Amino acid sequence: MIEPCHDVVCSFWSYLNQGPMTLTIILHTLIVLPMIWIYFDEKKRLERGDLPNE
Amino acid sequence: MEEKVSVWTSNRFWRRSATWVTGVASVLLIFLTFDSMAQMKMGSAKDIEKKIDRRIPSPVVINYTIDYKLDPYRGHEIPIIGGEMRRPEGGIKSAYEKKEKFFGRDDYSEKEARELIHKGKLTIQAKNCMDCHTLLGNGAYYAPDLTKAWLDPTWETLAPAYNGKEYAIAAFLQDPPKMAMHERKMPNLGITKEEAKAVVAYLKFMSAIDTNGFPRNFGKIKGAVDARK
Amino acid sequence: MQGSKLYQSQELAIKYFTVAIILFGAQLLFGLVAAIQFLYPNFLFNTLDFSIARMLHINALVVWLLYAMIGAVYWLLPDEAGIEVVGIKLANIAFYILTAAVAIVVLVYLFVQIGPGKESTIWFITEGREYIEAPRWADIGIVAVVLVFLYNVYATVMKGRHTGILVVLMADLIALAGLYLAGMFYTDNIAVDQYWWWWVVHLWVEATWEVYVAAVGGYILIKTLNANRKVVEMWLWIEVAMMFGSGILGLGHHYFWIGTPEYWWEIGALFSALEPVPLVGLFVHVLYDWGKERGKGNEIKNTPAFAWLTVETFGNFLGAGVWGFMHTLPQINLYTHGTQWPAAHGHLAFFGAYVAIMISAMYLAVQGKAGLERLRMTKAGWWAISLISVGVLLMTVSLTVAAYTQTMVERGMHGATWEGYFIAQANRWFVQGMGWRLAAGLAVIVGYGFLVYDLLTCAKKQPVEEGEKEVAAAAA
Amino acid sequence: MEYYIQDIPSSDFLSIFVVSALIILFGMAYAGFFTLVKLKLLKRFYMLFAYGSWLVLVGLMYYLGELLRVEPYTQKVLIGAMVGYLIFPHIVYFLLDRVHNRFEREPTKP
């Protein structure tokens, strides 16, 4: 499951690079997931109506 | 207005999202840059003594033979400095043992070697090499790639007549039209003898940089890609 | 519309546009020299070698786009903020300093060309690093001038209206200026050198400039189509999210082979594969707006500006999207890196993404200067847009043929050696590709002639309508 | 790493360039047809063309994976991304529709 790192110098990021696509999927998730939280946060505020309408 | 307003049409939501995405991508890039910088630091003569591989090795590699071979462990070609040895995990790596004369010497100290490549890099920039050639694949496409120029078979054929390929390359650099090999020739850029030596040192040093296997199949003149099938 | 009276800042914008269009001509001229040298290597040999012609070609490109970008900002800034630009005197002085510096750099490039391998060359003649060859003293000068520009933008927006477009521009311009600093140092380590060099080149061209274009494009949509500001601004934020989301880490696609760690393969591959997504979004958006406005009786207020904006949408998509994706994945980039592929991609992408929109902004200025309610396309304008767009597209296609030949012969069959390189360069298909490129380049130059003529005269050649008579008479 | 970059025979180069260009073009065709039908500028019948383009797109992406000799796992991720792309124009259209409806009913432009 866990693959050894094959690079010249190994580091945190090269260990995350486990098999194809792993690293980049992790980074994408990191970027996109919190947007869901932003969505619900905004929704809550809109429903409360304490925002100037933009 | 009175009916419920969707978050999807909220300017605020998109502004926050854009800020978040930009911010986190920038922060990731900065972290990755710190890591890459650490890995790309120029190695030292000590690393070579201890046979530790570095992506960008110490300039003292000009004292050693340099080759470019397929390493099954890494899955692509890697520079082999000073002869090859087996990796404990399988595949091959540099042995840092076999030396060769470079302008008559094979005992350049770290300081001397660094000074040499410093002058070489300055000359490469001052003469605008990058606006005809490519270095590490970047530059203009009017003249050949110089990434592995030191290892190019052309110089092997010229070497005997000049007593070694470093002399052949240096002679070429000082008066390229005289040794022109093609109609599209390099102009005379007024490169002095010292500058030529420094540039050759830089080219040799550059051929020892680990470029993740670029250029692929370098030097296999007949049937490169297909030959390996 | 502020009538025929212009803000001082808009007068300054016209000066910037004038220098930009002259440098555009210089870019085409030196490109022509370089294109001829590919076919006839002895052309101007030892007088204006390929390296010098090519350096002037790409530097003129970058500098004229920056001039046009600054010009466009000075044009829209007072209009958006609703007040005259703060520190307009300083801005005028900065313009003359910048232009003098550019002139000196060009003269040094042309007549000194190269220097000895010493630090002094880096400081006074050339830095020898593709796209940012400008010597160190000029770098520092540019930074100073850009600081003045940033001060003007920030001070003006603080005092005037804060529109969404301006907020995006402010954030983007500071990133754009800051990134230039990444390209201003010297190191012996060529891998590190190129690592930071890409911060300037990629993060300009594929991130900050793209966002700049999205912001200015939004302004042009409002001005020409009377598009709804709220809609434009919301889309602007979505575009920012998508462009920076893919573009910043898309930097990885330049880090496959320059001595960087292997993990960049993955980051570069997937993030740069996503770079066309915002372009698809933009495309759908423009299609939607066009479809909605159709039949509403909404007239386009500036036909040439809108036509160039359309060219920008398609050119950006084809040049950056299609031609980019053809060779961006590491598996194939291993064989295309350092061949004519990037040249093919670069020509169409730069034209589509930046040249077209900057010309669009210039037409907006022409309209504003003449104080016309509506600007229509003239015959010369049609010739300009057709010759330039078709010319660049044809140039790209011929370069692609050459690129494919080179990849196949040099990389596929001959192992990337010097011998392989020259065998590929002599291949019939390669040479013919270069020939067609030259022909297409000539067409672009003719188109440029029409463009300059049209920018100078189109305001006077408008069909005169009732109610516009006095204005037209005043302009003439 | 060995699994990541395999040698590609030069006879495959042309197919790779053509297929990757077609991927972007069919991606645009899908989004274009979809939007035009939704805007009622084309008859509903053309929606078939939109989804047809998407199907061709998936086929091309699979073929590109084969040509680039990617891992079976990567191949799956690629097809997964295509499912994501199926939804993308829907989202864009949904957003545009909402935002236009919301703002265009208000008194025009400040």
Calculate the radius of gyration of the Cα atoms of the protein assembly as shown to one decimal place, then report Dmax, the largest Cα-Cα distance, as a whole number, both in Å. 27.6, 90
Take peptide B:38-49, look around each residue's Cβ out to 10 angstrom, count Cβ atoms belonging to other protein chains, and average those counts. 3
If you take the accessible area of C alone plus B alone and subtract the pair, what total do you get in square angstrom, rounded to 100, with a 1.4 Å probe? 7600
Evaluate chain C: find the radius of gyration of its Cα atoms, find its Kirkwood radius, and give the ratio Rg to Rh. 0.96
Could you give the angle, 0 to 90 degrees to the nearest 10, between helix B:193-207's Cα long axis and the longest principal axis of the Cα atoms of chain B? 60
Tell me the per residue accessible area of the range C:164-298 using a 1.4 Å probe; a whole number in Å² is fine. 22
Over the Cα atoms, compute the radius of gyration (one decimal) and Dmax (the largest Cα-Cα distance, rounded to a whole number) for the range B:41-153, in Å. 15.2, 44
Viscosity 1.002 mPa s, temperature 20 °C: give me the Stokes-Einstein translational D for chain D in µm²/s, with Rh taken as the Kirkwood radius over C-alpha pairs. 132
For helix B:11-39, what angle does its Cα long axis make with the longest principal axis of chain B, in degrees from 0 to 90 and rounded to 10? 20
Alpha carbon centre of the range C:115-191 versus the range B:184-204: separation in Å? 31
Of the peptides C:176-184, C:39-47, how do they stack up when ordered by the mean number of other Cβ atoms within 10 Å, highest first? C:176-184, C:39-47
Which lysines have a Cα lying under 17 Å from the Cα of C:Lys292, excluding residues fewer than 8 positions away in the same chain? C:Lys223, C:Lys230, C:Lys301, D:Lys38, D:Lys40, D:Lys43, D:Lys109
Please sort C:151-157, C:342-348 by packing, taking for each peptide the average over its residues of neighbouring beta carbons within 10 angstrom, highest first. C:342-348, C:151-157
Computed over chain B: relative contact order in percent, which uses C-alpha pairs under 8 Å that are six or more apart: 18
Which value results for Rg/Rh of the range C:25-141 when Rg is the Cα radius of gyration and Rh the Kirkwood radius based on the inverse mean 1/r? 1.08
Within the accessible area of the protein assembly as shown, what % is carbon and sulfur when the probe is 1.4 Å and the other protein chains stay in place? 66
Would you tell me the mean number of C-beta atoms belonging to other protein chains that fall within 10 Å of each C-beta in C:27-34, as a whole number? 0
For the range D:55-99, the fraction of alpha-carbon pairs in successive 5 Å shells from zero, as %: 6, 21, 23, 16, 12, 9, 7, 4, 1
Please list the equivalent ellipsoid semi-axes of the range C:324-461, computed as the square roots of five times the alpha-carbon gyration tensor eigenvalues, in descending order and whole angstrom. 39, 15, 8
Can you put B:Arg87, D:Arg69 in order of accessible area, largest first, using a 1.4 Å probe? D:Arg69, B:Arg87
Considering every residue in A:32-45, what mean count of other chain Cβ atoms within 10 Å of its Cβ is obtained? 4
Taking each pair of different alpha-carbon atoms in the range C:324-374 once, compute 1/r for the pair, average those values, and report the inverse of that mean as the Kirkwood hydrodynamic radius in Å to one decimal. 13.4
Treating only the Cβ atoms of Lys and Arg (+1) and Asp and Glu (-1) as charged, compute the dipole magnitude of the range B:45-227 about its Cα centre; round to the nearest 20 debye. 100
Along each of its three principal axes, how wide is the spread of alpha-carbon positions in chain B, in whole angstrom units, largest first? 90, 47, 44
If contacts are Cα pairs under 8 angstrom and at least 6 residues apart, what is the relative contact order of chain C in percent? 14
Please give the charge dipole size of chain C, origin at the Cα centre, charges +1 on K and R Cβ atoms and -1 on D and E Cβ atoms. Round to the nearest 20 debye. 1100
Reachable aspartates and glutamates, given that their alpha-carbon falls under 15 Å from the alpha-carbon of C:Lys461 and they are not under 8 places away in the same chain: C:Glu373, C:Glu470
Can you list which of the DSSP-assigned H helices in chain C have a Cα extent of 20 Å or more along the long axis and an average Kyte-Doolittle score of at least 1.6? C:88-111, C:164-180
Pairwise centroid distance, computed over Cα atoms, of the range C:415-464 with the range C:383-405, Å: 7
Counting only protein chains, not ligands or nucleic acids, how are A:Arg45, D:Arg44, C:Arg229 ordered by accessible area (probe 1.4 Å), most first? D:Arg44, A:Arg45, C:Arg229
For the charge dipole of the range C:54-173, defined by +1 on Lys and Arg C-beta atoms and -1 on Asp and Glu C-beta atoms about the Cα centroid, which residue among C:Val153, C:Trp137, C:Ala171 has the Cα displaced farthest towards the positive pole? C:Trp137
Once the Cα atoms of helix D:72-104 and of chain D are each reduced to a long axis, what angle between those two axes, in degrees from 0 to 90 to the nearest 10, is obtained? 10
Sorted by accessible area (1.4 Å probe), largest first, how do C:Glu130, C:Glu84 line up? C:Glu84, C:Glu130
Looking only at aspartates and glutamates whose Cα falls under 14 Å of C:Lys159's and that sit 8 or more positions away or on another chain, we get C:Asp79, C:Glu80, C:Glu84
At 222 nm, what value in deg cm²/dmol follows for chain B if DSSP H runs of at least 4 each add -39500 (n - 2.57) and the sum is divided by all its residues, to the nearest 500? -12500 deg cm²/dmol
The rounded separation in angstrom of the Cα centers of the range C:1-60 and the range C:198-244 is 25
Note down the magnitude of the dipole of the range C:164-298 about its Cα centre, charges +1 on Lys and Arg C-beta and -1 on Asp and Glu C-beta and zero elsewhere, to the nearest 20 debye. 820
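The values are calculated or read from the model by the stated rules, or taken from the named source; none is laboratory data. As the structure is a prediction and not an experimental result, all values here were calculated from the model. With ideal geometry, Cβ positions are generated from the backbone for all residues, glycine too; neighbour counts draw on all protein chains shown. Keep in mind that these areas ignore ligands, DNA and RNA; they rest on the heavy atoms of the full protein, side chains included. Shrake-Rupley method; radii C 1.70, N 1.55, O 1.52, S 1.80 Å.
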